[in-house]
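A short write-up of the structure that comes next.
The values are calculated or read from the model by the stated rules, or taken from the named source; none is laboratory data. The structure presented is a predicted model; accordingly, all values stated were derived computationally and were not measured. Neighbour counts are summed over all protein chains in view; Cβ atoms, including those assigned to glycine, are modelled from backbone coordinates with ideal geometry. Calculation scope for accessible area: heavy atoms of the full protein, side chains included, ligands and nucleic acids excluded. Shrake-Rupley method; radii C 1.70, N 1.55, O 1.52, S 1.80 Å.
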Amino acid sequence: MERHILVILPHPDDEAFSSSGTLASHIHKGTPVTYACLTLGEMGRNMGSPLFANRVTLPTIRRVELEESCRAIGIEDLRMLGFHDKTIEFDQTRLTQKVEELLEELKPSLVITFYPGYSVHPDHDATGAAVIRAIGKLPAADRPVIHCIAFSKGCENEIGKPDIINDVKEYTEHKIRSVQAHKSQFSLGQMVTGKSVDDPAVRQRLGTEQFWTYRM
Amino acid sequence: MQLIDQAGVQHILDRLKGQDLYIHLEMTNGAYAAHMDKSRHTASTFIKNAEIRYNEGSIAGKGPYRVGLKLEQGGWVYSEGLTHWEDSETERLVMAGHDKEGRLVVALQLSREPF
């Protein structure tokens, strides 16, 4: 059992498809989870369907959605770090310092973040890079295990297959509620191409989460 | 957001003329454009809370609309593809262009206070 899990991701909703089932299962076993979400996704293109947000109201709406997603998963310690969407790679000094403070305070046994270079969005790659840089500064014996999310096309040709495959079928309901919390961003119907969430193929897809252990 | 009322937008453009304003100007095709479709080119740009003053500003077109602002310091602000505005805003202008799926493609906002 993990002692404490620290999740560091840049956008509200990054947790939903990638790791909500895994986090719910750890929380069910009694492991505390801290989710540090760097931005409020204020530059997102999705404004709800039908439209209910705009550029000005989006951050407030996404903050509430993020809180609801965390409730669905069972996360009690949510930190919103106040960075601006799309600027993570240009704010590295502040980010590395923030990550170091979190590591010092929480001393997590496991950190979940994006795999730098294989996570498509520049904010994702920069978040993973800062986390790995901060952890790399710790003495080897004090370093938490790092599980990375990766999804760039062809990433398996370079970093191999994911070594952590979590069966989270028992937590599918948590996951669906986490996804649905992000109403301005996702329509679950679209994500599962119109099939019911009770469809076995959809359940299979939602029931597995995969990570790559980062080797320093 | 509501579909643009051209006269309503022009009314606010006239009210904000000649004042110190903050601008948010943006265009994006989404951070995942090339990830979803290799033939596409991911591009986005924004400028947030830069300060401007314009002495001529108007909205043109039949929808989607264009807006041009002639700046006092001699430059221009131009935006095309605007479809929606927030009609409850009386002291600032919040406009955007949304594609057929409802995603934001372009945004132009003006306010006396920073966004």
Residue-wise HN-Hα coupling along the stretch A:4-9, computed from phi with Karplus coefficients 6.51, -1.76, 1.60 (Hz; x: Gly, Pro) | 7, 10, 10, 9, 10, 9
Do me a favour and compute the ellipsoid semi-axes for the protein assembly as shown from its Cα gyration tensor, root of five times each eigenvalue, largest one first, whole Å.
-> 40, 22, 18
Between the stretch B:8-61 and the stretch B:63-89, the Cα center-to-center distance that results, in Å | 7
Rounded D (µm²/s) - the stretch A:1-49, Kirkwood Rh over Cα pairs, Stokes-Einstein at 4 °C, 1.567 mPa s | 108
Using +1 at the Cβ of each Lys and Arg and -1 at the Cβ of each Asp and Glu in chain B, identify which of B:2, B:43, B:65 lies farthest towards the dipole's positive end.
-> B:43
Output ³J(HN,Hα) for the stretch A:200-208: one whole-Hz value per residue in order, computed from phi by the Karplus curve 6.51 cos²θ - 1.76 cosθ + 1.60 with θ = phi - 60°, and x for Gly and Pro.
-> x, 5, 5, 4, 4, 5, 6, x, 10
For the stretch A:1-84, what value does the Rg/Rh ratio take when both radii are computed over Cα atoms and Rh is the Kirkwood radius, given to two decimals?
-> 1.01
Label-to-label distance, nm, for residues given as residue B:72 and residue B:2 (7 Å Cα→Cβ offset) = 3.1
With all protein chains modelled, accessible area of residue A:63 [1.4 Å, Å²] | 100
Rounded if a/c is under 1.5, else prolate if a/b is larger than b/c, else oblate: which is the stretch B:35-84, with a ≥ b ≥ c the root eigenvalues of its Cα gyration tensor?
-> oblate
Point-charge dipole on Cβ atoms (K/R +1, D/E -1) for the protein assembly as shown, about Cα centre, debye to 20 = 460
Each residue of the stretch A:105-119 in order: what ³J(HN,Hα) in whole Hz does its phi give by Karplus 6.51 cos²θ - 1.76 cosθ + 1.60, θ = phi - 60°, with x for Gly and Pro?
-> 6, 9, 6, x, 8, 9, 10, 10, 7, 8, 7, x, x, 10, 10
If R0 = 45 Å, then residue A:205 and residue B:56, at their Cβ-Cβ distance, give a FRET efficiency to the nearest 0.05 of 0.25
Accessible surface of residue A:28 - all protein chains present, 1.4 Å probe, nearest 10 Å² | 140
Hey, rough spin-label estimate for residue A:163 and residue B:43, points 7 angstrom out along Cα→Cβ, what's it come to in nanometres?
-> 4.2
Computed over chain B, the distribution of all Cα-Cα distances in 5 Å bins, rounded to whole %, is 2, 12, 22, 24, 19, 11, 6, 4, 1
Of A:150, A:181, A:201, the one that fluctuates the most in a GNM where chain A has Cα springs shorter than 10 Å | A:201
